[in-house]
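Everything on this sheet refers to the single structure shown next.
The values are calculated or read from the model by the stated rules, or taken from the named source; none is laboratory data. Everything numeric here is computed off the predicted structure, so don't read it as measured data. Ideal geometry is used to build each Cβ from the backbone, glycine not excepted, and the neighbour counts take in all protein chains shown. Only protein heavy atoms, including side chains, enter the accessible area calculation; ligands, DNA and RNA are left aside. Shrake-Rupley method; radii C 1.70, N 1.55, O 1.52, S 1.80 Å.
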Amino acid sequence: MKKIFAALAATLFSATVAFAQTLPSPSVAAKSWLLLDTTSDQIVASQDPDLRVEPASLAKIMTAYVVFDALKDKKLTLDQMVNVSVRAWKVDPSSSKMFIDPATPVSINDLLYGLMVVSGNDAAVALAEAVSGTEDAFVVQMNREAQRMGMKSTHFGNPHGLPSADTYTTARDLGVLASHVIVDFPEFYKIDSTKSFTYNKIKQPNRNRLLWSDPTVDGMKTGHTSSAGYSIIASAKRPNGSGERRLLAIVIGTTSDQTRTQEAQKLLNWGFQNFDTVKLYAKGQAVATPQVWKGAKSEIKVGFNHDVFVTVPKGVAEKIKPVLERTDPLIAPISQNDKIGTMKITVDGKVLTELPVLALEEANQASIFGRIWDSIRLFFKRL
């Protein structure tokens, strides 16, 4: 799944929906912002998405991702109890904490809720030490994951996001990270929708106020430092035809908690109200059956190894025209998932996005006599 997602994101995520330019984007009071449709992996609209910014507690999303990966690989378990180090306990006392104590072991499960619901910096350090032994070793893993995901403008210097010169990111990269969490670990993503968490007899609310005001919002994370301002990644899922679609509003560097909440809500509403996400092809659906030369079979089914969606302004869906450009001639042997061409998704002659078209089945070589015969046919065909 990770490889499929990475390939799809590399194809689609870098391009903003071309037709968003024909619609006036909302005015957003933030240093940088981006609206992403995770169903199609397309940026609907953005402003300065590649501006280098301080992530603050949004860095904890990567911390959570690395922990989720360790749980998946059974390096940890949710009910595993870990000792709290003095380093974790003493993390910036003026910052957000879940109030763990060196005298009391704590479960990985509680630490994850402390990390993502109440943004505990002490939880971030404790989880880093549980996974990697030390913060520094854990940060290496964070940066390795960022590189694997294609977060080209991101570097982490710590697991909590407190200010440091070597901790930076962009709205675009945060969109990649947030999408990975939702796609790769849906069973853990649900933690983000928890409205409050109690630990050590201290009840603290989730700082994502949209969880109370918008029932379609189910995550993801807020961040704040005096130097970074107030930021939020808000994720919402609403009906889309016979299915659902998810939008991510990434709002970086506002002046207050209230402003980041209002601006994220504005972006989500604008995206859902003005755009549709259209399913073009199902995973494994044959979009064409081109001829195969020198093969044991005369043709092969081609298509995609994932469902294909595109996001377009409302009223534009009927104008979508897919144009298949093949790498002809197709000569056996061909393996399943080999790229055989490109599908250009166009509207009114403008290319919205391009997708790699793959072989849905293998085509073995024909006998030597079949290969010779096709070689002769190809020779005359090229004349």
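The table that follows gives values for the structure above.
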item: Whole-Hz ³J(HN,Hα) from phi, Karplus 6.51 cos²θ - 1.76 cosθ + 1.60, for region 88-105, glycine and proline x; result: 5, 5, 8, 3, 2, x, 8, 9, 5, 9, 9, 6, 6, 9, x, 7, 10, x
item: Placed amide H near residue 101: partners under 5 Å, 5+ positions off or other chain; result: none
item: Interchain or long-range residues, amide H under 5 Å from residue 80's placed H; result: 108, 109
item: Residue among 158, 121, 200 with the largest mean-square fluctuation in a Gaussian network model of the chain, springs linking Cα atoms under 10 Å; result: 200
item: Cα Rg, Dmax, region 61-169, angstrom units; result: 13.1, 41
item: With eigenvalues of the C-alpha gyration tensor scaled by 5 and rooted, the chain, Å; result: 45, 25, 16
item: Approximate spin-label separation residue 335-residue 202, in nm, with each point projected 7 Å along Cα-to-Cβ; result: 5.4 nm
item: With every protein chain in place, the chain: carbon and sulfur % of accessible area (1.4 Å); result: 51 percent
item: For region 167-251, convex hull of alpha carbons as volume per residue, Å³; result: 135 Å³
item: Cβ-Cβ FRET estimate between residue 74 and residue 101, R0 fixed at 30 Å, reported to 0.05; result: 0.60
item: Computed E for residue 297/residue 351 - FRET, C-beta separation, R0 30 angstrom, nearest 0.05; result: 0.40
item: Zero-based 10 Å bins, Cα pair distances in region 245-383, whole percents; result: 11, 28, 23, 18, 11, 6, 3, 0
item: Between region 178-223 and region 262-340, the alpha-carbon center distance in angstrom; result: 33 Å
item: Whole-number accessible area per residue in Å² for the chain, which is evaluated in the context of all protein chains at 1.4 Å; result: 45 Å²
item: Spacing of the two label points (7 Å from each Cα toward its C-beta) at residue 86 and residue 375, in nm; result: 7.8 nm
item: Entries in 201/221; 294/381; 90/152; 190/283; 266/350 that, when Cα-Cα distance is taken, lie over 21 Å; result: 201/221; 90/152; 190/283; 266/350
